[in-house]
Amino acid sequence: MLRPLGLSADAELTYRCLVQQPRTELQPLAERLGWPLERTEAGVADLLELGLVRFSWENPRELHLVSPEASLVPLLNQHELVLLDRQKEVVASRVAIEQILTEYGDRVANSGYADAERLVGVDNVRLRLEALISEVEFELLGFSDGGPQSEESLAAARPLDQALLCRGVQIRGIYLESLVNDGHTARYVDWLSERGARIRTVATLPLRMIVADRKAVLVPMDATDSSQGALLIRDAGVVAALLALFEVIWEQSSVFGARRTGRDEVGLSRQERAVVRLLAEGHTDDVVARRLGVSVRTCRRLVADLMIRLDAHSRFQAGVAVMRAGWLLDDDSLMPAPVSSDSA
């Protein structure tokens with residue numbers, strides 16, 4: 001698969017044909033491919049631009065394949081360097097976002113900003129959440145990133161959700177796929193679905209979030225530690241941005257209880273792809289496990305299985321093999337499509 005290196009499908013077929021006959025003219029090449037001359041010329045143009053082929057100096061009509069060691073391997077190395085730079089940028093962006101959230105929270109606390117409310121302590125968060133939900137008129141959206149939930153937490157949530165559904169409020173929720181391994185959580189989500197809530201699942205979520213009537217959003221102060229408190233935000237710009245995030249992840253998710261399509265085009269499950277992406281961003285096993293909603297032991301088993309598939313004996317070797325395999329390229333496009341047309 002050479003598409004990640006910049007080759008179109010036609011260019012790759014043309015290249016593979018030239019590997020079998022490294023010296024040829026355009027017309028015979030088109031005949032071998034079974035294509036019109038114009039299509040063959042377009043494929044050759046892509047290869048010329050990448051330096052993978054050239055025309056003969058002695059016979060300008062004859063096309064020569066440049067040695068793969070001298071052209072294809074350097075091209076791969078160049079893309080590996082680009083990926084390493086991209087990985088560093090992702091990690092730096094994450095650090096910057098965490099700093100911005102902290103600064104924003106401090107501003108709220110110090111200035112009494114009217115469009116945001118800082119909530120400290122579990123009791124304060126739950127009381128404010130109950131009040132917020134009681135005011136919802138038509139829609140409640142949410143990310144539930146905690147994986148399996150305790151019976152006590154589910155018992156506390158049931159009356160609130162029941163009241164919303166009885167009022168005709170539309171509920172859309174996105175949970176972690178790991179919840180299917182927890183009987184209590186799965187049964188609760190089944191209960192919600194039977195009463196009209198629309199529930200989907202993904203391998204990983206960026207944070208816990210509740211959106212009320214597209215006017216207010218409740219998010220944790222620290223995405224890695226919910227005990228630090230929460231922010232209730234009513235700023236229209238921030239709410240719009242978080243709504244857009246919800247819709248993007250909703251479109252990438254699968255309907256709860258539906259049969260999954262399995263693996264993507266490079267053979268990764270949604271959970272395995274999430275592990276690759278999170279490790280590439282520099283997260284530890286503990287953080288990856290929390291983001292997936294699984295135990296650290298399960299996370300390490302997933303990593304070990306991936307290393308076996310990559311024939312890697314260390315995580316550094318695995319990182320290089322991941323980039324060579326193209327597992328980090330066009331990450332979103334490799335995500336399996338939802339198994340249902342149940343959309344926003």
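The values are calculated or read from the model by the stated rules, or taken from the named source; none is laboratory data. Since the structure is predicted, the reported quantities are computational estimates derived from the model, not experimental observations. No Cβ is skipped: glycine too gets one built from the backbone with ideal geometry, and neighbour counts run over all protein chains shown. These accessible areas exclude ligands, DNA and RNA; they are computed on the full protein's heavy atoms, side chains included. Shrake-Rupley method; radii C 1.70, N 1.55, O 1.52, S 1.80 Å.
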- Restricting attention to the alpha-carbon atoms of region 11-94, what are Rg (one decimal) and Dmax (integer), both in Å? 16.4, 54
- Note on the structure: Residues whose built amide H sits under 5 Å from the amide H of GLU139, excluding neighbours closer than 5 in sequence, are GLN170, ASP213
- Under Karplus coefficients 6.51, -1.76 and 1.60, residue-wise ³J(HN,Hα) of region 3-17 in Hz, glycine/proline x: 4, x, 8, x, 8, 6, 4, 5, 4, 5, 4, 4, 4, 5, 5
- Measure of exposure for TRP35: accessible area at 1.4 Å probe, Å² rounded to 10, is 40 Å²
- Query: Sorted by mean Cβ packing within 10 Å, highest first, what order do the peptides 6-17, 271-282 take?
  - Reply: 271-282, 6-17
- Note on the structure: Quick calc, SER56 & LEU81: beta-carbon distance into FRET formula, R0 22 Å, rounding 0.05, result 0.10
- Message: I'd like the accessible area for PHE138, computed on protein heavy atoms only with a 1.4 Å probe and all protein chains in place. Round to 10 Å², please.
- Response: 100 Å²
- Item | Local electrostatic count, PHE55, Cβ distance below 11 Å [Lys/Arg +1, Asp/Glu -1] | 0
- Message: What figure, in Å² to the nearest 10, do you get for the accessible area of GLU49 with a 1.4 Å probe and non-protein molecules left out?
- Response: 150 Å²
- From the phi of every residue in region 25-33, what ³J(HN,Hα) in whole Hz does the Karplus formula 6.51 cos²θ - 1.76 cosθ + 1.60 yield, where θ is phi - 60° and glycine or proline is x? 9, 4, 5, x, 5, 4, 5, 5, 6
- Hz values of 3J(HN,Hα) by residue in region 290-306 - Karplus curve (6.51, -1.76, 1.60), Gly and Pro given as x: 5, 5, 7, x, 10, 6, 4, 4, 5, 4, 5, 5, 4, 5, 4, 4, 5
